[in-house]
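Remarks on the structure that follows.
A short reminder: the numbers here are calculations on the coordinates, not readings from a lab. Please read these numbers as outputs of a predicted model, since none were measured by experiment. Using ideal geometry, Cβ is built from the backbone for each residue, glycine included, and neighbour counts are taken over all protein chains shown.
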Amino acid sequence: AASTKQDFIRQIVREDVANGKHSAIKTRFPPEPNGYLHIGHAKAICLDFGIAAEFGGSCNLRLDDTNPAKEDPEYVRAIQEDVHWLGFDWHDLRHASDYFEVLYLAAEKLVRQGDAFVCDLSANEVRAYRGTLTEPGRNSPYRDRSVEDNLDLLRRMRAGEFADGARTLRAKIDMASGNMNLRDPALYRIKHVEHQNTGNDWPIYPMYDFAHSLSDAVEGITHSLCTLEFEDHRPLYDWCVDQVDLAHSPELIQPLLDKGLPFEASKPRQIEFSRLNFNYLVMSKRKLMALVNDGLVDGWDDPRMPSLQGIRRRGYTPSSLRLMVDRVGISKQNSLLDLSILEGALRDDLDAAAPRRMAVIDPLKLTITNLSTGHEEALTFPNHPKDESFGTRTVPFSNELWIEREDFEEVPPKGFKRLIPGGEVRLRGAGIFRCDEVIKDGDTVVEIRGELDPESRPGMAGADRKIKGTIHWVSAHHAIKAEIRLYDRLFMVADPDNDEGGKTYQDYLNPDSRRTVSGYVEPAAAAAAPEQSFQFERIGYFVADRHDHRHDAPVFNRSVTLRDTWAS
Ligand code: ATP
Ligand code: MG
Ligand code: MG
């Protein structure tokens, strides 16, 4: 589909297409496989894959696996699953580690050109030499090593002769640069650690800026989209691409061709956009990892987690996330968005897409005394009030129902429109009921008894009587007992990252973020497939739990309430 969106990145791409700057648009989504993707990544995914699709180009999924100590194949699998779940597919699946040989040859090239040197300063010394924002740094005493010495040392680093941290390969740029990233940044470090793809082949690993820029260049990426914190890295990104100049260095590309991987020369352009951040959430893999490791949630797919696995289990749909990303738009302005934008997108998506069902989450028995004991009938209900294409379903009805405890009040507060002693209420789709008797056990109401007006069934003349309230119900003889997990926001405060007074986000956890109750659902809800979403009428949007739901033992998660009821 041609893009109609007008954000600044699509404007740039549109102009590049109009000017014939590229033969095809190529983007990539480059997560580091050191954790699960979160809602923020959904923005990057929708942008990277979306732009490629809208402009007839392609998007690679590239796992930025240059930090082997923190990476795991478990994350690699989950990342692929999440991208597919969001509705996107990649052109090629690549790993930065596919290019380790190319990157190494590029490093040797920089050394031969006099653009990189092997430095023996320790990490602390490097820091001390780097200077500050207001003071220039000092050149490393190893900066003027000869090309021969540098080449020899780099090869010995590669051969594994030196201990972790003993040396680095650094770019030779400008220790007085106003941009700290250009003060002779490290390109390679020594790390004797096994890598999930390359095993023990490499005792040295490339640094992010070097690996990322050259990976883009190797893959022929035209527009390299990333978040704003990389704006200051762009000069280094360009420096790496330009100094290495893969397009004119066929010898560097040979390892790629040997692997059967294609090479398309490009001069990738990095463009930054603002990160997605919501209040009441934390969104960094490190913090989410800590919640999991400290047992504060039940894992990465806990429905309260902002991980894609978590919100999926909560009942967020791929289309609701794409809708949210479209509504938020793309800009260079970092901001903390209100969580209602996320919840609102889910409500709007499910309002249109979710069939309606009836469920009672805090049951109170209601007996209809003018129907015989064991009375049963099958009523027909529309599955969606606004969309006939959803069809109808059969809802069993009988003389004994469960209603919502809060729909009855013995001593009603002012304005209460539902059931009261002696009062009438409409039972959804079944007629008008009058409460004649309230049975109690001590102070607790245990049963309501009364009559159903036989002339008030939908379609009958008596059905039009003016009655203030309508309540939902399920047939006690047919309903299926269900575990209902009522999720709420994980954090109580809008800014859980605020660390005032030595607090951490872990101090702001909402103790009521999950409440499990036992309720009853109509048979058509129990029959749901895992991950199927419903509006439980008058209660909220719910999803059949992806892992725990069974037809004979249903488990539903509350995805979002019907309205924004959060009191802050
Ligand atoms: P985190 O800081 O949460 O751990 P990250 O930026 O380290 O995330 P990566 O795996 O490196 O995560 O990210 C892959 C891509 O997703 C990058 O292009 C990154 O800019 C983008 N991305 C990450 N977080 C967000 C976010 N909150 N909003 C938009 N894009 C994001
Ligand atoms: Mg990262
Ligand atoms: Mg990070």
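Listed values, structure above:
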read-out: Highest average packing first - 485-498, 104-117, Cβ atoms within 10 Å; value: 104-117, 485-498
read-out: Ranked 331, 456, 372, 284, criterion: other C-beta atoms within 10 Å, fewest first; value: 372, 331, 284, 456
read-out: Amide H within-cut-off set for residue 399, under 5 Å, with H built and near neighbours excluded; value: 374, 375
read-out: Amide H partners (placed H, <5 Å) of residue 188, local residues excluded; value: 169, 207
read-out: Antiparallel bridge percentage (DSSP; both residues within segment 8-273; nearest 5); value: 50 percent
read-out: Largest-first principal axis extents, alpha carbons of the chain, Å; value: 101, 53, 41
read-out: Dipole of the chain, positive end: most advanced residue of 337, 282, 181 [Cβ charges, Cα centre]; value: 337
read-out: Positive-end residue, the chain charge dipole about Cα centroid, Cβ charges, pick of 195, 50, 461; value: 461
read-out: Rounded to 5, the percent of DSSP beta bridges in the chain classed as antiparallel; value: 70 percent
read-out: Helix-derived mean residue ellipticity, 222 nm - over the chain, DSSP H n ≥ 4, -39500 (n - 2.57), to 500; value: -8000 deg cm²/dmol
read-out: Neighbour-count order for 227, 66, fewest beta carbons within 10 angstrom listed first; value: 227, 66
read-out: Three-way shape label, segment 356-561, alpha-carbon gyration tensor, a/c 1.5; value: prolate
read-out: Segment 124-199, dipole about Cα centre (Lys/Arg Cβ +1, Asp/Glu Cβ -1), debye to the nearest 20; value: 100 debye
read-out: Share antiparallel - DSSP beta bridges, segment 356-561, percent rounded to 5; value: 80 percent
read-out: Trypsin sites (Lys or Arg not before Pro) lying in DSSP loop within segment 23-106, provided at most 14 other Cβ fall within 10 Å; value: none
read-out: Residue-wise HN-Hα coupling along segment 296-312, computed from phi with Karplus coefficients 6.51, -1.76, 1.60 (Hz; x: Gly, Pro); value: 7, 9, 8, x, 5, 9, 4, x, 8, 7, x, 5, 4, 5, x, 6, 4
read-out: Selected from 382, 36, 372, residue furthest toward positive end of dipole (the chain; charges at beta carbon); value: 382
read-out: For 59, 119, 435, order by how many other beta-carbon atoms lie within 10 Å, fewest first; value: 435, 119, 59
read-out: Relative contact order, percent, segment 269-375 [alpha-carbon distance under 8 Å, six or more residues apart]; value: 28 percent
read-out: Mean Cα-pair separation over length for the chain, i.e. relative contact order, pairs under 8 Å, 6 or more apart, %; value: 11 percent
read-out: Residues with amide H under 5 Å from that of residue 38, placed H, sequence gap 5 or more; value: 308
read-out: In order through segment 218-233: 3J(HN,Hα) via Karplus (6.51 cos²θ - 1.76 cosθ + 1.60), integer Hz, x for Gly, Pro; value: 4, 7, x, 5, 8, 10, 9, 8, 8, 8, 4, 5, 9, 4, 5, 8
read-out: Segment residue 563-residue 8, extension gain: residue separation times 0.36 nm, minus the distance between their alpha carbons; value: 196.5 nm
read-out: Residue pairs, from the table 21/172; 365/481; 109/267, whose Cα atoms sit over 24 Å apart; value: 21/172
read-out: FRET efficiency, residue 198 to residue 390 (Cβ-Cβ, R0 45 Å, nearest 0.05); value: 0.30
read-out: Per-residue ³J(HN,Hα) for segment 271-285, Karplus 6.51 cos²θ - 1.76 cosθ + 1.60, θ = phi - 60°, Hz, x for Gly and Pro; value: 10, 9, 9, 6, 5, 8, 9, 10, 5, 6, 9, 10, 9, 9, 4
read-out: GluC sites (Glu not before Pro) restricted to segment 384-485 and DSSP loop, no more than 15 other C-beta within 10 Å; value: 409, 410, 455
read-out: Dipole magnitude of the chain about its Cα centre (Cβ charges: Lys, Arg +1; Asp, Glu -1), debye to nearest 20; value: 740 debye
read-out: Test item: Cα-centred dipole of segment 433-493, Lys/Arg +1 and Asp/Glu -1 on Cβ, debye; value: 300 debye
read-out: Relative contact order (%) - criterion: Cα under 8 Å, at least six apart; region: segment 8-273; value: 19 percent
